[in-house]
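Chemist: The structure's right below; bear with me while I get my questions together.
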């Protein structure tokens, strides 16, 4: 098998806060193959977004910093690159799509300039050609009336159109990897389906790998090839999507699946909530972070965090239970 | 059939759009709610679903009489409350309560939990002495799954799910017959949503409450509601029993909405037939002519552009507003 496109190894990202140092990403490892769609699933505070920002080295320092680990992209460690080298990767070979399309677009520049900017910067195309490319890209993301939209400003766009513009910008340099952090959370469901269908379709057509960060298990089921489940800064389970949904192994994954009502679920049975509260990163217990909410927890669980281990080919779980 | 607990008849809420500073001039009207009718029985949950701007929250506020009504009629427990003012509403507030979406913004950060939950009791004179008051607070907290010894804490000491329980306890304090829940779980983490959903269901079984459940999450609505009304641009386009609606949605918008929601199972997802509508919800300032959905409808016909389909009774408690089903 060829080496993966992206290999995150033992990544640790910390933040200094008023309540002491917190480890937002704790020993996270996962891989993304070329052209593959990997979903990172977790609730607020699970470290999924910080993982994404760490890959692009966009962690604000201070208060945050990447403590240790390796992020191998196409064989090169991104963490060893200089800032100048990193700028040739960002927006060029790895692109990012953020949750809030309004705050991630510059309100004082036309959409065309923003979509064309990566082409101008990375491909050294003159602005005239970059704007031509922007027009083409806006057509590619099926923006109606793309030719005239190039000169419009973000405030003239609806939420769905802004997210289309963000996708166009991400695709501008035909990146090998697109990281989308909750790209549709702020959008209505019918628009969410349009945008995700578009993103998946374009990633497939251009051969880009896609890392999709989400809390929505339905979105994962519809779009992902593989799933990485995070809890309290750690990966607790990682598996091909079909395998994970057919037989979730980690008690947290099992809990998540049982607690979410499904559009085709049995309405006569009660949902099974995960008792307790999501973890407070400033007060992570010594052992497994999920132990306080886990029905199967034993004394061993409370001593040391369980390591991620293979239970089947490509299926890893961080739990000591023989599941 | 017995009299419904709540009857909303041809409700309209329009907002004027003004221009100018000194000489204000009305330049348009937002038709936020434009002719909505439904009934809600005692002990029943009616879901109100739709995308942003469909008027579901405004409908909830109008029922609470926290929003002026342009036209129509609202009856609650047999009384016409359409034109009730604040003073007239006060005795009814005991019976008609609200749970809000944002568990952070809806609790006063400077009040301890026992005052937040107990304030309605004091306002309505239902706590004659300290002992009754404390006992009632403890009972309410236990009802929603909070420990009574947390009563002395401030809201910031609680997590989102716990705060939402505090909001529910406050709504329950006066023993209402109807609680309007506006997106009560959408601000919560997924593992916490189920806790609140279960609390709402248990309370209904125990106390016979009715809910008007306003939400955009179709899976949660299906789990919780007996009947569901689907709204689009200020109108109800389809209303039916939960099972009928989810098994066989008739309105093209309901179908599109259902098929946009992914099922958390890759095998089912791959086999699903999907209807994807194009574009986004048009502005309520200038709603499209004819059927308001015709601009996005995959099945639009010529008459949909001109004739507005009325909400028509299809039997078995289902009504649909679509020429495909109602047109001869």
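Chemist: Considering only strands (runs of 3 or more DSSP E) fully contained in region A:1-105, which possess at least 2 residues that are farther than 27 Å from residue A:201 by Cα?
Modeler: By residue number, A:6-17, A:20-32, A:64-73.
Chemist: Can you work out which of the residues in region B:263-284 that are more than 10 Å from chain A (Cβ to nearest Cβ) and over 22 Å from the mean Cα position of the chain (by Cα) is surrounded by the most Cβ atoms within 10 Å (Cβ to Cβ)?
Modeler: Within region B:263-284, the match that is surrounded by the most Cβ atoms within 10 Å (Cβ to Cβ) is B:271.
Chemist: Would a scan of region A:273-285 turn up a residue that is within 27 Å of residue A:14 (Cα to Cα), touching a residue at least 12 places away in the same chain (Cβ under 8 Å), under 15 Å from the mean Cα position of the chain (by Cα) and in a loop (DSSP other than H, G, I, E, B)?
Modeler: No.
Chemist: Would you point out which residue out of B:192, B:168, B:179 is within 21 Å of residue A:273 (Cβ to Cβ), within 14 Å of chain A (Cβ to nearest Cβ) and buried (at least 22 other Cβ atoms within 10 Å of the Cβ)?
Modeler: Within the list B:192, B:168, B:179, the selection yields B:192.
Chemist: To continue, here is another question. Are any of the residues in region B:125-140 away from chain A (no Cβ under 13 Å), within 30 Å of residue B:50 (Cα to Cα) and modelled with pLDDT under 90?
Modeler: Within region B:125-140 (the criterion being away from chain A (no Cβ under 13 Å), within 30 Å of residue B:50 (Cα to Cα) and modelled with pLDDT under 90), the answer is no, since none of the residues qualifies.
Chemist: Give region A:269-311 a look and list any residue that's out of contact with any helix residue (DSSP H, G or I) (no Cβ under 6 Å at 6 or more places or on another chain), closer than 18 Å to residue B:191 by Cβ, at pLDDT 90 or above and surrounded by 16 or more Cβ atoms within 10 Å (Cβ to Cβ), or say none.
Modeler: A:289, A:293
Chemist: Here is a check on your reading of the model: is residue A:182 touching a residue at least 60 places away in the same chain (Cβ under 8 Å), over 13 Å from the mean Cα position of the chain (by Cα), surrounded by fewer than 22 Cβ atoms within 10 Å (Cβ to Cβ) and under 28 Å from residue B:218 (Cβ atoms)?
Modeler: no
Chemist: Looking at residue B:260, is it modelled with pLDDT under 95, surrounded by 19 or more Cβ atoms within 10 Å (Cβ to Cβ), away from chain A (no Cβ under 13 Å) and within 25 Å of residue B:46 (Cα to Cα)?
Modeler: no
The values are calculated or read from the model by the stated rules, or taken from the named source; none is laboratory data. Nothing here was measured: the structure is a model prediction, and the numbers come from that model. Note that each Cβ is placed from the backbone with ideal geometry, even for glycine, and that neighbours are counted across all protein chains shown.
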